[in-house]
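First comes the structure, then the notes that go with it.
Rule-based calculations on the coordinates, nothing more; no lab input. Computed from a prediction, not measured in an experiment: that's the story for all the values here. Methodologically, a virtual Cβ is constructed for each residue, glycine included, from the backbone with ideal geometry; neighbour enumeration extends over all protein chains shown.
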Amino acid sequence: MSTLAGKSILITGGTGSFGHAFVPMTLARYNPSRLVILSRDEMKQWEMAKLFQNDKRVRFFIGDVRDKDRLHRALDRVDYVVHAAATKIVPTAEYNPFECIKTNVDGAMNLIDVCIDQEVKGVVALSTDKASSPANLYGASKLASDKLFVASNAYSGVHDTRFSVVRYGNVMGSRGSVIPFFASLADSGRLPITDVRMTRFMISLEQAVELVWHAFDDMEGGEIYVKKIPSMGITDIAKAVAPTAEHDIIGIRPGEKLHEQMISPEDSFSTYEYPDHYKILPAINSWCEDPARIKDGVKVPEGFVYSSDNNPEWMTVAALQEWIGNNRQKLGKI
């Protein structure tokens, strides 16, 4: 039986893109006794609640990870937590740095403390490729968050709350991402391209959810799970969305990388490879030498880097067009 089956689960930031995939998939697969969606936007909760109005397992809770007292109330009798709440838009974080830190770093600390106090069994926090060798505040704040969740496995003491992290790249079709953005401009016949050399990792929401499920079943605490996913060049993404559109080169925006990275060369000393993913083990407390955490993993070579430009797996224009055709009604909606 899976870790999540029949349990009480809470997801922070649960009205976002990830939550809209995680909630129905988890209800169908694991039949949790209770699935609580914590978020601060009442309108998003109102709209999402319509989708689950006849499901007694689903609860909605207005709250903010910045508010520790509210987290104490929300996490009462919760077994497992998925932490998806974050300030995510790179320019927003650059121009509102205090707000980014309050949510992504202070919010992570609040959640860790309350999960330990409420004796939550396990927590999986969502991270991003931008947290590896970060070039912007969003990435730096998520790196700090990752470090907090990893180290908190030693902080939890006798309560034995376990914390792990999942890291993945661009979620295809999510609100504010490049595919719906290009789609909105397709009829104009022109698309803005930052740099023709730019590459990005590509993952579906369903794959992201499955990685979180795997983390809950596999984790001992402190692992960072990195899904093996394909890369794609920005010009190929544009061709898939609008094959006949002209491209206007506008230059890289502040805080933006030419290529994204999910495992840095510094991580390689404690990273192990598995058939569908990598696992970065923490160097602290010799956890990277723990057989229970390593399991059947194979150590990557020293200096190994997993970035979107050196990826052995690439998504073709035809493959993305097929995905868009199957998911057109969802693009940019959540």
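So here's what we get for this one:
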| item | result |
| --- | --- |
| The range 91-239: proportion of alpha-carbon pairs further apart than 26 angstrom, % | 35 |
| Inter-probe distance in nm under a simple model that places probes 7 Å from Cα toward Cβ, at D296 and M43 | 5.0 |
| Under 15 Å, Cβ to Cβ, from G157 - net charge with Lys/Arg +1 and Asp/Glu -1 | -2 |
| Proxy reagent accessibility, fewest Cβ within 10 Å first, across M202, M219 | M219, M202 |
| Rg ratio (alpha-carbon, reference 2.2 N^0.38 Å) - the chain | 0.98 |
| Spin-label pair A5/L185, simplified geometry with 7 Å Cα→Cβ offset, distance in nm | 4.9 |
| Vicinal HN-Hα couplings computed from phi for the range 64-81 (Karplus, 6.51 cos²θ - 1.76 cosθ + 1.60; Hz; Gly/Pro x) | 10, 5, 6, 9, 5, 4, 5, 4, 4, 6, 5, 8, 5, 6, 8, 8, 9, 10 |
| When each of K228/K299; K56/K147; K44/K147; K44/K257; K257/K279; K88/K227 is checked by Cα-Cα distance, pairs over 25 Å | K56/K147; K44/K147; K44/K257 |
| Gain upon complete extension [D217, E289; 0.36 nm per residue less C-alpha separation] | 23.9 nm |
| For the range 7-84: rounded, prolate or oblate by the Cα gyration tensor [a/c cutoff 1.5] | oblate |
| Size of charge dipole - the chain - debye, nearest 20, with Cβ of Lys, Arg +1 and Asp, Glu -1, no other charges | 940 |
| R0 of 25 Å, Cβ-Cβ distance F98-R253: FRET efficiency to nearest 0.05 | 0.75 |
| Most mobile listed residue (P230, P312, P282) in the chain, GNM with C-alpha springs under 10 Å | P312 |
| Euclidean distance between Cα centres, the range 142-209 to the range 53-68, Å | 23 |
| Sites A318 and V158 - FRET efficiency at Förster radius 45 Å, r taken between beta-carbons, to 0.05 | 0.25 |
| Residues with amide H under 5 Å from that of L331, placed H, sequence gap 5 or more | none |
| Mean separation of Cα contacts under 8 Å, 6 or more apart, over the residue count of the chain: relative contact order % | 16 |
